[in-house]
1. Can you say whether Tyr101 is closer than 16 Å to Gly8 by Cβ and either surrounded by 12 or more Cβ atoms within 10 Å (Cβ to Cβ) or not basic (Lys, Arg) (or both), as far as the supplied structure shows?
2. Just one of Val12, Val50 is over 14 Å from the mean Cα position of the chain (by Cα), at pLDDT 95 or above, hydrophobic (A, V, I, L, M, F, W, C) and surrounded by 14 or more Cβ atoms within 10 Å (Cβ to Cβ); which is it?
3. Hey, does the stretch 20-30 have a residue that's in a strand (DSSP E or B), under 11 Å from the mean Cα position of the chain (by Cα) and closer than 23 Å to Gly103 by Cα?
4. Which members of the stretch 77-119 meet the condition of being hydroxyl-bearing (Ser, Thr, Tyr) and within 16 Å of Ala23 (Cα to Cα)?
5. Pairs please, first residue from the stretch 50-76 and farther than 14 Å from Ile31 by Cα, second anywhere and at pLDDT 95 or above and part of a helix (DSSP H, G or I), Cβ atoms under 9 Å, 6+ apart in sequence or on different chains.
6. So, in the stretch 77-87, how many residues would count as being open to solvent by less than 10 Å² (accessible area, probe 1.4 Å) and either free of Cβ contacts under 8 Å to residues at least 40 places away in the same chain or within 25 Å of Ile31 (Cα to Cα) (or both)?
7. Whether any residue in the stretch 41-52 is assigned to a strand (DSSP E or B) and within 18 Å of Pro86 (Cβ to Cβ) is what I want to check.
8. Report yes if some residue within the stretch 71-78 is closer than 27 Å to Val117 by Cβ, at pLDDT below 95 and in contact with a strand residue (DSSP E or B) (Cβ under 8 Å, 6 or more places away or on another chain); otherwise report no.
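The values are calculated or read from the model by the stated rules, or taken from the named source; none is laboratory data. The model shown is predicted, which means the values in this text are computed figures rather than measured ones. Virtual Cβ from ideal backbone geometry, glycine too; neighbours counted across all protein chains shown. Just so you know, the surface numbers come from the protein's heavy atoms only, side chains and all, with ligands and any DNA or RNA stripped out. Shrake-Rupley method; radii C 1.70, N 1.55, O 1.52, S 1.80 Å.
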Amino acid sequence: QVQLVESGGGLVQPGGSLRLSCAASGSIFSIYSMGWHRQAPGKQRELVAVISGGSTNYVDSVKGRFTISRDNAKNTVYLQMNSLKPEDTAVYYCNAGVLHYSGSRRDYWGQGTQVTVSS
């Protein structure tokens, strides 16, 4: 019913930058929250950043380096990633909290995009 499509991942050197994008489409009344999670090999998936209303939250390890933003008209969320470190290497997943026309709320996930930070 709802699809999230991520883009912008790739290979970058330490200290470099990437911008991830995630566009939501489908039968959507509104999106009340959008965010990014990541999962590194052998580790649990963790919340990286979330934006809801006018508020943003970040995991401590990315504060000051990553910025989450949102274009509500396009149902798109972005993650600007600066000063990248090897420990940022992971598959990054977009997620969205969606309010449907029926009044129901449901959480959706993208397919993931690989970010690799390496020399």
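1. no
2. Val12
3. yes
4. Tyr78, Tyr92, Tyr93, Tyr108, Thr113
5. Taking only residues 6 or more apart or on different chains, the pairs are Ser61/Glu87; Ser61/Asp88; Val62/Asp88; Arg65/Asp88; Phe66/Asp88.
6. Matching residues across the stretch 77-87 total 3.
7. Looking through the stretch 41-52, at least one residue is assigned to a strand (DSSP E or B) and within 18 Å of Pro86 (Cβ to Cβ).
8. Within the stretch 71-78, one or more residues are closer than 27 Å to Val117 by Cβ, at pLDDT below 95 and in contact with a strand residue (DSSP E or B) (Cβ under 8 Å, 6 or more places away or on another chain).
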